[in-house]
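Report on one structure; see the data block that follows.
The values are calculated or read from the model by the stated rules, or taken from the named source; none is laboratory data. Bear in mind the structure is a predicted one, so any value in this text is a computation, not a measurement. As a convention, Cβ positions derive from the backbone with ideal geometry for all residues, glycine included, and neighbour counts pool all protein chains shown. In case anyone asks, the SASA skips ligands and DNA or RNA and just uses the protein heavy atoms, side chains included. Shrake-Rupley method; radii C 1.70, N 1.55, O 1.52, S 1.80 Å.
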Amino acid sequence: MAVHLRILVILTALTGIHSVTTVSEVSVKAGGSISIPCLYEPRYRNNVKYLCKGSSWTSCSYVVKTNTQSSGRFSISDDKTQRIVTVTMKNLKEQDTGYYWCAVEINNGGDDRQYFHLSVTRDTPALNVDHQEIQGLIGEEITIKCHYSKHGVIKWCRLGRNCVTEPSGSIDGTEVIIDKRIPNVFTVTMSGLRTENSGWYWCDKGGFQMPVHLTVTEKPTTTTVAATTLLTTTEPENPPTGSVDEETTTAQSEEQSASVSPRTLIILLSLLIFIAFVTMFIWFMLKKHKQARAAASATTASCTESNVDVVYSSVVFNKPKGLQKTSYTQSDVEVMYSSVALKKPKSVLKMEQK
């Protein structure tokens with residue numbers, strides 16, 4: 001394989017093909033996926049691009065093209081603004097190992113191309129990253145961890161630009177620091193990000209590369225829609241003297257009214273709910289108090305009726321007429337009670353005193 005690679009390099013140098021730029025050697029674990037970027041010259045912006053596979057250019061066969069619909073495990077996309085065609089390979093198998101060519105169709109001549117070698121292995125890849133797509137914010141920094149298993153010089157490169165060699169350097173004016181204190185991992189930190197830093201980069205170690213795409217965006221703002229509208233619509237282009245303050249004050253008052261109204265509504269609703277709860281609580285307590293008083297009255301009445309002693313104040317013996325002139329026994333006498341007094345027990349008296 002090494003001899004064949006030297007032959008390809010010699011042929012590439014002899015033919016003077018430098019119109020397409022890409023990585024040279026990538027390693028992927030079986031079942032994994034990878035995206036490969038290929039940069040082309042501005043004159044090829046509207047040409048058809050394609051990927052083919054073969055150990056030599058003469059034996060190369062088409063895999064996927066930009067003018068046909070992608071299907072299966074291989075796909076291709078063309079960013080004409082950045083002049084980068086990206087090839088994506090999914091669910092890779094060991095038999096996918098081999099040489100691939102990023103190529104541009106030339107109608108009246110030989111197609112321009114550049115090759116890269118793909119190694120699909122069951123073991124740990126020679127060089128890989130956690131994610132090929134990363135996000136960054138303007139003015140801040142990003143960190144990329146590159147895992148490796150081969151010896152060699154450590155680099156961080158941008159597609160079509162320069163490379164930074166350990167320990168530090170800069171790409172397009174952005175500071176780059178490379179740290180390898182963690183075993184089998186080197187960390188790349190880019191500080192002071194700018195929008196123009198967006199693009200394709202790659203880790204480089206021991207002759208292997210792993211592409212990484214960086215997207216740099218603006219920091220999210222906290223400005224409200226009302227404030228933005230105020231700044232863009234309320235201030236006239238050439239306001240007369242003394243009118244700016246009045247218009248600004250009016251706009252601010254309207255903005256405050258719009259913002260206070262929902263708050264006032266929430267306060268009123270909360271107050272009404274609170275009053276309703278208090279009213280229900282008072283009603284419940286009054287009802288409970290009435291029930292307690294009614295129970296106490298019933299208990300008092302029950303005690304009065306069941307615990308009263310009967311005391312007779314006077315007794316009159318009424319003799320039958322037939323016995324007035326004769327003697328009689330006590331059992332033959334009719335008893336008539338003239339008055340009855342009810343004597344309340346002490347327990348009832350105490351309850352009434354309470």
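Within segment 18-59, the set of residues being in a strand (DSSP E or B) and basic (Lys, Arg) comprises Lys29, Lys49, Lys53.
Matching residues to (1) more than 30 Å from Thr88 (Cβ to Cβ); (2) open to solvent by less than 70 Å² (accessible area, probe 1.4 Å); (3) of a type in the set (A, V, I, L, M); (4) at pLDDT below 50:
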| site | (1), (2), (3), (4) |
| --- | --- |
| Val244 | yes, yes, yes, yes |
| Val278 | yes, yes, yes, no |
| Arg293 | yes, no, no, no |
| Ala301 | yes, yes, yes, no |
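Among the residues of segment 188-199, write down those that are open to solvent by 20 Å² or more (accessible area, probe 1.4 Å) and in contact with a strand residue (DSSP E or B) (Cβ under 7 Å, 6 or more places away or on another chain).
Within segment 188-199, Thr189, Ser191, Gly192, Arg194, Thr195, Ser198 meet the criteria.
Tally the residues that are out of contact with any Phe, Trp or Tyr (no Cβ under 9 Å at 6 or more places or on another chain) and open to solvent by less than 70 Å² (accessible area, probe 1.4 Å), restricting the search to segment 178-187. Count: 1.
For Gly160, state whether it is modelled with pLDDT under 95, surrounded by fewer than 18 Cβ atoms within 10 Å (Cβ to Cβ) and over 21 Å from Glu140 (Cα atoms). Steps first, answer last, please.
Details: modelled with pLDDT under 95: yes; surrounded by fewer than 18 Cβ atoms within 10 Å (Cβ to Cβ): yes; over 21 Å from Glu140 (Cα atoms): yes.
Criteria met by Gly160.
Just one of (1) open to solvent by 20 Å² or more (accessible area, probe 1.4 Å); (2) closer than 30 Å to Val188 by Cβ; (3) in contact with a Lys or Arg (Cβ under 7 Å, 6 or more places away or on another chain) fails for Thr21. It is (3).
May I ask you to verify whether Glu105 is in contact with a strand residue (DSSP E or B) (Cβ under 9 Å, 6 or more places away or on another chain) and open to solvent by 50 Å² or more (accessible area, probe 1.4 Å)? Walk me through how you get there before you give the answer.
Values: in contact with a strand residue (DSSP E or B) (Cβ under 9 Å, 6 or more places away or on another chain): yes; open to solvent by 50 Å² or more (accessible area, probe 1.4 Å): no.
The answer is no for Glu105.
Every residue, every condition in (1) open to solvent by 40 Å² or more (accessible area, probe 1.4 Å); (2) not hydrophobic (A, V, I, L, M, F, W, C), yes or no:
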position	(1), (2)
Gly136	no, yes
Lys155	yes, yes
Val164	no, no
Tyr201	no, yes
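Whether a residue is out of contact with any Lys or Arg (no Cβ under 9 Å at 6 or more places or on another chain) and farther than 24 Å from Ser33 by Cβ was assessed, and Ser168 passes this test.
The residue that is nearest to Ile34 (Cα to Cα), among those in segment 127-152 that are over 24 Å from the mean Cα position of the chain (by Cα) and at pLDDT 95 or above, is Asn128. The single condition among (1) under 19 Å from Thr58 (Cα atoms); (2) hydroxyl-bearing (Ser, Thr, Tyr); (3) touching a helix residue (DSSP H, G or I) at 6+ places or on another chain (Cβ under 6 Å) that Thr97 does not satisfy is (3). Taking the conditions (1) at pLDDT 95 or above; (2) open to solvent by 30 Å² or more (accessible area, probe 1.4 Å); (3) in a strand (DSSP E or B) in turn, Tyr62 satisfies each one other than (1).
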